[in-house]
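This report concerns only the one structure given below.
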Amino acid sequence: MEVEAARRDAATLDPELLQLPELSPGALRENPALAEALYSQWLALPETSKLVNSLIEDAKAGATLNVTGSSASTNAASSGSLPSMFPAGSAPPLSPRSTSGSPRVMRRGSGAGPSSLGSPLKVVSEPVREVIPQFYFKHGRPAPKDLKEQCLSRIDHLFFAGEGLQIQEFRSVTKDICKLPSFFSSVLFKKIDAAGSGTVTRDAFVDYWINDNKITMDTASQIFEILRKPDYNYLTQEDFKPVLKELLATHPGLEFLQGTPEFQERYAETVIYRIFYSINRAGNGHLTLRELKRGNLIAAMQQLDEEEDINKVLRYFSYEHFYVIYCKFWELDTDHDFLIDKENLIRYGNHSLTYRIVDRIFSQVPRKFTSMTEGKMGYEDFVYFILSEEDKSSEPSLEYWFKCIDLDGNGILTTTEMQFFYEEQLHRMECMAQEPVLFEDILCQMIDMIGPENECYFTLRDLKRCKLSGNIFNILFNLNKFMAFETRDPFLIRQERENPTLTEWDRFAHREYIRLSMEEDGEDASNGSGDVWDESLEAPF
């Protein structure tokens, strides 16, 4: 019954529709009965029988078969065309063809024509090829023509003599053409002058900076390419030493260190340790391009190149910050062998830390020591410690202390683990005749402060979401800071609100530098005449 109904529907169709130029294969697959009815109807026509017999005879005789047809000849009853399925003159008139607006006409007018195979039942259209511009360049994006011409013009101006430039003359090229901090001049010069001839020619610089597409890279990528060793895809601490060496030799804010090379070396080491502490989040000593781009080192370097007062560059390069770190280490290192043991570290911050947290630090859980001496912490290890201790709001610090408290290393801080560290704090409060705060009460306070996803434990993600999470660690193992948090000095709170851009480390380093400088001034005064009173040593309050 379904086939008969389809045949009745097919009998009302125009012969031109049998060619189905716009009928998609999907439509036929959805209604196979209609396709079968159309095919049966076509085979039943007398003209079709004549056409088939003629083709069979031609095939037997070895003649060339010609079954081509066109839509223009479908209404004519000529050989090779499809026979009409309607009696002569009984075909209904077709709808008038519109020159615009009809989807059928628009599709036919797009350049599609009959298939080269000659089948009137299928119209093949050439797919429109969309040209996608190249977006990946293995060696960097080539410089636009106008940018290249501007750069070449400036290069010709600086390399006017044609004999090349020596290292002391290369500073202007680094700053004016490459737009890099001036203290990259030596390392860039040596990168181009790989043979060590002592001169960089115009052609050598053009080949390295323009032809090698350094000109189109962002500043972080340029610095990364200049500093990294060949065949390495990361930077090490050694790669930064030439830059710090030139900085110490040229920056006006560090001229006073020219006569003390040992402190120049310590300053450079401290800056590098701070860089890797903050940026090398993997903690493996391999600074990748991605880490360099995500950090704020490039902005700090650019500020450093424009600022004569190096202490105003708080990120990484402040000499006052170095002074505080070095002096704190020197105070603890009583035998001055440049190593610290547990008994030395327990004195830090006026004995503010508990023995249990010091034991965890020396078990090298948060970070493996680089001192190569068992049971001893080196200067680099101390830098990581003091940065973590004095600014518990930073992500590296949170990760450092989280590893210390996470006794089983399962990635969560349970109530049992936190109580283990708080027990010593409770005992110290009792020994100091202070009113002890029970762990159950302090746990409720910590949960309210952090708002963890699961109140049964804290995750590192919970701590990173909360700005007050550093106080959790002070509660667990730093009694002095715990008491300070409980009392909350209004003067310090007002200072923090006045300078929201300063970090906890910035405020600590500023206070400690004033204290240390006053102590040094006091020692200088005591070494002079005892009868002279220096009014500057009076208390500021």
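Here are a few things to note about the model shown:
- Cross-chain or 6+ apart pairs with Cβ under 8 Å, the stretch 438-455 first and surrounded by 14 or more Cβ atoms within 10 Å (Cβ to Cβ), then polar (S, T, N, Q) and not in a helix (DSSP H, G or I): MET449/SER469; ILE450/SER469; PRO452/THR459
- Only helices (runs of 4 or more DSSP H) whose full extent lies in the stretch 176-286 are considered here, and the ones with at least 3 residues that are within 26 Å of ASN296 (Cβ to Cβ) are 185-192, 219-227, 237-250, 261-279.
- Unmet requirement for GLY349, which otherwise passes all of (1) at pLDDT 95 or above; (2) open to solvent by less than 40 Å² (accessible area, probe 1.4 Å): (1)
- Only one entry in LYS179, LYS175, LYS191, LYS148 is farther than 30 Å from ILE310 by Cα and out of contact with any Pro (no Cβ under 7 Å at 6 or more places or on another chain), namely LYS148.
- In the stretch 349-390, the qualifying residues are those that are touching a Lys or Arg at 6+ places or on another chain (Cβ under 9 Å) and in a loop (DSSP other than H, G, I, E, B), and the one that is nearest to GLU504 (Cα to Cα) is SER352.
- The residues in the stretch 154-168 that are open to solvent by less than 90 Å² (accessible area, probe 1.4 Å), under 29 Å from GLN303 (Cβ atoms) and part of a helix (DSSP H, G or I) can be counted, and the count is 3.
- In the set (1) at pLDDT below 95; (2) closer than 24 Å to GLY451 by Cβ; (3) charged (D, E, K, R), ARG428 fails one condition alone, (2).
- Among the residues of the stretch 279-289, those identified as of a type in the set (S, T, N, Q) and under 15 Å from PRO366 (Cα atoms) are ASN280, ASN284.
- Pair list, Cβ under 7 Å, 6 or more apart: the stretch 341-369 residue closer than 15 Å to LYS481 by Cα, other residue part of a loop (DSSP other than H, G, I, E, B): LEU353/ILE346
- Leading residue by the ranking (modelled with the lowest pLDDT) among those in the stretch 33-48 that are assigned to a helix (DSSP H, G or I) and in contact with a Pro (Cβ under 9 Å, 6 or more places away or on another chain): TRP42
- Taking first residues from the stretch 273-292 that are on the phi > 0 side of the Ramachandran plot and in the same structural domain as TYR232 (by the TED database) and partners that are surrounded by 15 or more Cβ atoms within 10 Å (Cβ to Cβ) and not in a helix (DSSP H, G or I), the Cβ contacts under 9 Å between residues at least 6 apart in sequence or on separate chains come to GLY283/ARG367; GLY285/TYR234; GLY285/THR236.
The values are calculated or read from the model by the stated rules, or taken from the named source; none is laboratory data. A quick note: this is a predicted structure, and the numbers were derived from the prediction, not measured. In this analysis, Cβ positions are derived from the backbone assuming ideal geometry, glycine residues included, and neighbour counts consider all displayed protein chains. Only protein heavy atoms, including side chains, enter the accessible area calculation; ligands, DNA and RNA are left aside. Shrake-Rupley method; radii C 1.70, N 1.55, O 1.52, S 1.80 Å.
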